[in-house]
Protein chains: 4
Amino acid sequence: MTSDVKVPIEPAAFSLPVRVYIEDTDAGGVVYHANYLKYFERARSDWLDTLGVSQRTLLSENCQFVVVSCQLDFVRPALLNDQLTVALQVERLRAASIDFLQQALRNGELLCRAKIKVACIDALTKKPAKLPDVLMQHLQS
Amino acid sequence: MTSDVKVPIEPAAFSLPVRVYIEDTDAGGVVYHANYLKYFERARSDWLDTLGVSQRTLLSENCQFVVVSCQLDFVRPALLNDQLTVALQVERLRAASIDFLQQALRNGELLCRAKIKVACIDALTKKPAKLPDVLMQHLQS
Amino acid sequence: MTSDVKVPIEPAAFSLPVRVYIEDTDAGGVVYHANYLKYFERARSDWLDTLGVSQRTLLSENCQFVVVSCQLDFVRPALLNDQLTVALQVERLRAASIDFLQQALRNGELLCRAKIKVACIDALTKKPAKLPDVLMQHLQS
Amino acid sequence: MTSDVKVPIEPAAFSLPVRVYIEDTDAGGVVYHANYLKYFERARSDWLDTLGVSQRTLLSENCQFVVVSCQLDFVRPALLNDQLTVALQVERLRAASIDFLQQALRNGELLCRAKIKVACIDALTKKPAKLPDVLMQHLQS
């Protein structure tokens with residue numbers, strides 16, 4: 001597609017420190033697997049913020065982000081009170097969606113790796129919508 | 001208040017079986033304390049259903065239930081794969097709110113007890129609103 | 001690998017009814033994407049039960065199941081109070097892991113599809129361990 | 001009890017900034033009520049850290065903290081992407097438990113207030129245990 005834009009991949013375009021609390025763990029003594037998806041979304045939210053893109057403003061303009069698909073590899077378990085680094089990079093930018101590569105690391109050691117496709121939809125019609133201009137401008141520059 | 005209606009307390013006006021899954025537990029090997037609030041709300045939701053009150057219909061009429069306050073006592077821990085009974089009774093019915101007594105039990109043994117006040121608000125103005133008629137009629141009969 | 005066992009795929013080897021509660025939804029008005037992983041694990045837990053395999057017994061024998069990887073496709077959103085069917089089938093059985101195909105459906109309509117690899121590890125050493133005999137016997141017969 | 005120690009209440013003995021993510025919200029568009037208990041525990045965990053008390057060290061010494069009871073008042077709803085301050089102060093210190101006063105605030109405005117009793121138990125016997133010395137020394141000085 002001509003609307004696709006290749007973004008140069010950087011080792012860590014953005015990263016967020018995340019601490020593991022008891023709420024995140026399960027009876028196996030490790031972070032419950034579904035919670036990595038929460039960590040990854042926290043990083044995407046804060047990354048949008050650093051780009052000056054407010055999710056609440058977007059929602060008021062009926063622009064909603066939805067996760068379309070994801071591939072997760074759980075490499076090593078995170079433990080209670082671990083201090084994690086949750087990293088994000090844009091792998092591919094399309095007109096109406098973004099492919100993210102994300103990682104949860106502990107002291108540089110990979111714990112969980114994900115490929116997550118997020119699409120923009122019109123909050124009313126629920127149909128695919130173009131990514132907001134403010135975001136495209138940031139990502140293509 | 002004259003709009004208050006005393007409802008006779010019954011041992012278990014409604015109860016819901018709830019199974020403890022790994023998602024509910026924490027690294028202490030027990031159900032994470034905040035999750036009892038989820039169990040209690042599941043019971044209130046299903047109880048509304050048995051009364052023929054649909055939360056989605058209410059939301060479309062801008063009637064929203066919100067938890068105003070709660071008092072929780074954690075008596076004994078629930079464990080992975082426990083089969084719980086989550087019980088509910090109406091303690092007091094007011095024009096715009098309901099006081100619930102709720103319990104989580106395992107084979108009749110009390111694990112957690114709660115007193116939960118739920119109010120009805122107008123979803124748009126966020127101001128207190130009368131409980132829906134359909135609910136009042138059921139509870140006063 | 002000679003220890004691999006091909007299991008004939010059946011349309012729905014097991015399914016669990018799951019109701020969507022407020023706890024499952026997010027500000028977008030739909031089920032939060034990470035929560036499908038919870039639904040899928042509930043189905044796997046109950047399926048183990050129907051096979052007579054107790055997770056607590058397994059844990060006491062230091063046999064622990066961990067999710068190794070997953071691929072999720074979010075096709076359509078589930079809404080508050082939806083009644084879902086969460087289905088499961090074994091796609092592939094190995095000596096120390098199982099590949100599951102799982103689906104969340106609403107009135108037969110696919111909402112979310114997943115491929116989830118679950119491995120058995122020794123709870124103490126955290127190293128791969130053979131699947132419990134009781135499970136292998138059930139799945140190969 | 002002679003082992004009780006009155007701790008002078010300070011306006012905000014400790015506070016933690018907490019951002020509201022989509023995972024925290026529900027279909028009502030606000031933070032799901034049970035999640036304030038998670039916020040409050042995050043603050044208690046980080047507060048223990050600032051005192052040099054590691055929960056993992058405590059667990060390895062079979063000292064486990066459990067929430068015994070709580071009283072929550074939900075005053076105003078928190079919204080997506082709100083930046084909250086989650087405050088904590090010790091209201092009362094006993095030999096084997098602590099009463100906390102906790103608040104979630106947005107720009108100084110009270111959203112949720114809680115009184116939470118946390119007890120120390122022996123992780124093996126599950127019986128009440130004295131608070132760890134390191135904690136008592138910090139709190140009584």
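Please state which one of A:K130, A:K126 is part of a loop (DSSP other than H, G, I, E, B), closer than 19 Å to C:D73 by Cα and modelled with pLDDT under 95. Testing whether each residue is part of a loop (DSSP other than H, G, I, E, B), closer than 19 Å to C:D73 by Cα and modelled with pLDDT under 95 leaves just A:K126.
When restricted to residues that are open to solvent by 40 Å² or more (accessible area, probe 1.4 Å) and farther than 30 Å from D:R19 by Cα, the stretch D:101-141 contains 12. Give just the number: which of (1) basic (K, R); (2) within 14 Å of another protein chain (Cβ to nearest Cβ); (3) under 20 Å from C:Q55 (Cα atoms) does C:K130 not satisfy? For C:K130, the exception is condition (2). Can we say C:D24 is away from chain D (no Cβ under 14 Å) and free of Cβ contacts under 8 Å to residues at least 60 places away in the same chain? For C:D24, the condition - away from chain D (no Cβ under 14 Å) and free of Cβ contacts under 8 Å to residues at least 60 places away in the same chain - is not met. For the stretch B:15-55, residues that are over 20 Å from D:H33 (Cα atoms) and open to solvent by 10 Å² or more (accessible area, probe 1.4 Å) total 15.
Hey, can you tell me all the residues within the stretch B:26-54 that are within 30 Å of D:T125 (Cβ to Cβ), in a loop (DSSP other than H, G, I, E, B) and not small (G, A, S)? B:D26, B:Y32, B:H33 - these are the residues of the stretch B:26-54 that are within 30 Å of D:T125 (Cβ to Cβ), in a loop (DSSP other than H, G, I, E, B) and not small (G, A, S).
Could you list all residues from the stretch C:69-101 that are within 13 Å of chain A (Cβ to nearest Cβ) and either within 17 Å of the chain's Cα centre (by Cα) or not in a strand (DSSP E or B) (or both)? Scanning the stretch C:69-101 gives C:S69, C:C70, C:Q71, C:L72, C:D73, C:F74, C:V75, C:R76, C:P77, C:A78, C:S97.
May I ask you to verify whether A:L58 is modelled with pLDDT of 90 or more and open to solvent by less than 30 Å² (accessible area, probe 1.4 Å)? Answer is no for this residue. Evaluation of B:V66 against the conditions (1) open to solvent by 20 Å² or more (accessible area, probe 1.4 Å); (2) more than 11 Å from every other protein chain (Cβ to nearest Cβ); (3) within 17 Å of B:P132 (Cβ to Cβ); (4) modelled with pLDDT of 90 or more shows that the sole unmet condition is (2).
The values are calculated or read from the model by the stated rules, or taken from the named source; none is laboratory data. Note that the coordinates shown come from a computational prediction; the quantities given were computed from them, not determined experimentally. So basically every Cβ, Gly included, is an ideal-geometry build from the backbone, and we count neighbours across all protein chains shown. Surface accessibility is based on the protein's heavy atoms, side chains included, excluding ligands, DNA and RNA. Shrake-Rupley method; radii C 1.70, N 1.55, O 1.52, S 1.80 Å.
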